[in-house]
Amino acid sequence: NPGRYYSVHSGITVDFDSTKILEASVNWIKGTFISNTQIGLDFYDGNNTVLEKATSSNNFDEGYNNLTFNVNYSKKYTQDNHYLKLNIDYAPHTNKYDNSFQTTYLKSEMPQATTGRHNIQELSNTTYTARLDYSKPLGKNSLYEIGWKGSHFYIDNARSNDTLGGNTWVNDNGSSNDFQYTQHVEAAYLTFASKIHKFEYKLGLRTEYTYTKAFQKTNTETTEKNYLHLFPTAFLSYNLNAINVLRGSFSARIARPNDHDVNAFRIYEDAFTYYEGNPNLKPERSNIIEIGHSYKNKLFTTLGLSDSRDVITWI
């Protein structure tokens, strides 16, 4: 079925003078998404004999209401690449899901049976983010940048599941849950770039502190983690001549599990499919090395090696 949404975007820009600009904006979007699906499944044995037939009716109804506020300030100094930037975001979002799955089974020599699952989910998440960047040239061919970023994310996911017993819907306390998740990250970085004749380089170091807390209200289980990581980066290039350039780079990256990844309670997508997360997941770390060549800045050749640990994937 077609979904509908309404959105409003508004903003204001203030030029204090030619060097200082303040921008503020607000985005709002509210809408619904509805999906009705009919699924027919036949189960066979090794002799291609039908063991069971199942017909499912899946109904998905989502309503969402999202707001995003942004404030951005920038100051440019007299030198090129000499600036100060401040960015602040605030984003409260809410979603409500009303899903139902009803399946009729027909087995040989057995009466027809019907099962059903109905869940209502109310989800709210709020994100706060602030970032400060400062860049200044050093001499003619060098530049350093320093910055900080802080982010705070909180989600409250209340889910009520019912199962069909005969003709009556019964609350399933075992899979109903109120899941709350908090993630706080503080990051700081420093980079330095310079050029010496035909050789150019950029070196950087970023440090990040992360705190996470996952709380399962149903079984009162709390999982807390905090860790500090360092991420070095290096980018090198050498101009062999006017048309050939050699390049090399190293970077360290991190991918943190999101709230779905760490929510251990089952979330059903239809009568035969559910997923559940793992609250003990570690962040995924990757080290990436690349070397390359460019010809006339049009033809590029690159070789890369990526090594990842504690990889996060669905099974």
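The values are calculated or read from the model by the stated rules, or taken from the named source; none is laboratory data. Since we're looking at a predicted model, the values are computed, not measured. Virtual Cβ from ideal backbone geometry, glycine too; neighbours counted across all protein chains shown. All accessible areas refer to the heavy atoms of the entire protein, side chains included, with ligands and DNA or RNA removed. Shrake-Rupley method; radii C 1.70, N 1.55, O 1.52, S 1.80 Å.
Suppose we filter the range 216-228 for residues that are at pLDDT 90 or above and either outside any strand (DSSP E or B) or of a type in the set (F, W, Y) (or both); how many remain?
1
Just need a number here: residues in the range 276-285 that are closer than 16 Å to Y227 by Cβ and either acidic (D, E) or surrounded by fewer than 16 Cβ atoms within 10 Å (Cβ to Cβ) (or both).
Count: 3.
Might you let me know whether the range 96-113 holds any residue that is out of contact with any helix residue (DSSP H, G or I) (no Cβ under 7 Å at 6 or more places or on another chain), of a type in the set (A, V, I, L, M), modelled with pLDDT of 90 or more and open to solvent by 60 Å² or more (accessible area, probe 1.4 Å)? Break it down stepwise before answering.
So the first thing to find is which residues in the range 96-113 are out of contact with any helix residue (DSSP H, G or I) (no Cβ under 7 Å at 6 or more places or on another chain), and the list is 96-113.
Subsequent filtering for residues that are of a type in the set (A, V, I, L, M) retains 106, 110, 113.
Within this subset, residues satisfying the condition of being modelled with pLDDT of 90 or more are none.
No.
Write out, first by first residue and then by second, each pair whose Cβ atoms fall under 9 Å of each other, whose residues are 6+ apart or on separate chains, and whose first residue, in the range 200-211, is over 26 Å from S142 (Cα atoms) and open to solvent by 80 Å² or more (accessible area, probe 1.4 Å) while the second is part of a strand (DSSP E or B) and acidic (D, E).
Y209/E186
Return yes or no: is T273 open to solvent by less than 40 Å² (accessible area, probe 1.4 Å), hydroxyl-bearing (S, T, Y) and modelled with pLDDT under 95?
For T273, the condition - open to solvent by less than 40 Å² (accessible area, probe 1.4 Å), hydroxyl-bearing (S, T, Y) and modelled with pLDDT under 95 - is not met.
Any idea which residue in the range 94-104 is farthest from A130 (Cα to Cα), counting only those that are without any contact (Cβ under 8 Å) to a residue 60 or more places away in the chain and not basic (K, R)?
My answer is T104.
Considering only residues that are part of a strand (DSSP E or B), open to solvent by less than 60 Å² (accessible area, probe 1.4 Å) and out of contact with any Leu (no Cβ under 7 Å at 6 or more places or on another chain), look in the range 75-90 and name the one that is farthest from G139 (Cα to Cα).
D89
Please name all residue pairs, on different chains or six or more residues apart, with Cβ atoms under 7 Å, provided the first residue is in the range 64-93 and is at pLDDT 95 or above and the second residue is assigned to a strand (DSSP E or B) and loosely packed, with under 14 Cβ neighbours inside 10 Å.
K75/K20
Which ones in the range 256-314 are more than 30 Å from A113 (Cα to Cα), among the β-branched types (V, I, T) and part of a loop (DSSP other than H, G, I, E, B)?
V311, I312, T313
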